[in-house]
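Let me begin by presenting the structure, written as structure tokens, before commenting on it.
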Amino acid sequence: MATVGVFSKIWRWTKRILLILFIAQFVYIILLRWVNPPITVTQFVSWVTGHGMKRDYVSRNNISFEAKLAVIASEDQLFADHRGFDWKSIEKAMKYNEKKPGRQRGGSTISQQVAKNVFLWQGGGYFRKGLEAYFTFMIETFWSKERILEVYLNVSEMGDGIFGIEAAAQSYFGKPAKDLNRREAALVAACLPSPKRYKVKPPSPYVSGRATKIAQQMAFLFPDPDIKEIIGLEVKKKEEPKTQPAKK
């Protein structure tokens, strides 16, 4: 009987702790709708392992629309249309990885990458992927697309120890993120798949060629009104034809 009582107490405390953790993470998710993350696991690991942590969070209004458009063109062209998951890309990535296990391909959307970068850690495994899916659903539910993109551009690693578009713009081009042009934004986006391996300056032939393709995709996506709205450009609404007064 004593043993049963001990297990009962442990279970009650476990439920309380789990409830507290659930409420805390929910409050944190809501808070980050307006407040920038104080630090991420990836940033902390970069700092403690000697790679440094250059970062400078900026608002979406202080990021050029070219930079926003570049990461959409590079990482997630269906960003404006999906609800966090691009199932076709995920399916293609899974098939590719089954055929070539030594060369992993990702199918993550910008939303999934934000969920991973802000709330979790780098790496694989079904447990982490499950948490990633949960946090992706939560930010897609409680944040706007504009906020998801803004956080992505502030926390993503864009070089060895360089986090966020502002730090990248200052490090590579000596200018603020709001002044990045299309080529510069495309060069930064070209390195996102492996920011420690690929260099923005000087760019390798591969990075330069990839940046050119991204710039072409940017031009293709630019007329989309949903994309324009997300990156902060006004979408001119069609004026309704004026009705002529009826003749008496």
Helix axis angle, 126-142 relative to the chain longest principal axis, alpha carbon, degrees: 50
Spin-label model distance (nm) - ASP81 vs GLN170, 7 Å beyond Cα toward Cβ: 3.8
At most 13 other Cβ within 10 Å, DSSP loop - chymotrypsin sites (Phe, Trp or Tyr not before Pro), region 1-77: TRP34
Listed residue pairs exceeding 31 Å between alpha carbons, taken from LYS129/LYS201; LYS54/LYS88; LYS15/LYS129; LYS145/LYS213; LYS15/LYS196: LYS129/LYS201; LYS54/LYS88; LYS15/LYS196
Neighbour count of at most 14 Cβ within 10 Å plus DSSP loop: longest GluC sites (Glu not before Pro)-free window in the chain: 1-233
Net dipole in debye of the chain [+1 Lys, Arg Cβ; -1 Asp, Glu Cβ; about Cα centre; nearest 20]: 380
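Here, each number is a calculation from the coordinates, and none is a lab measurement. These numbers were taken from a predicted model, which means no experiment stands behind them. Every residue, glycine among them, receives a Cβ derived from its backbone with ideal geometry; neighbour counts consider all protein chains shown.
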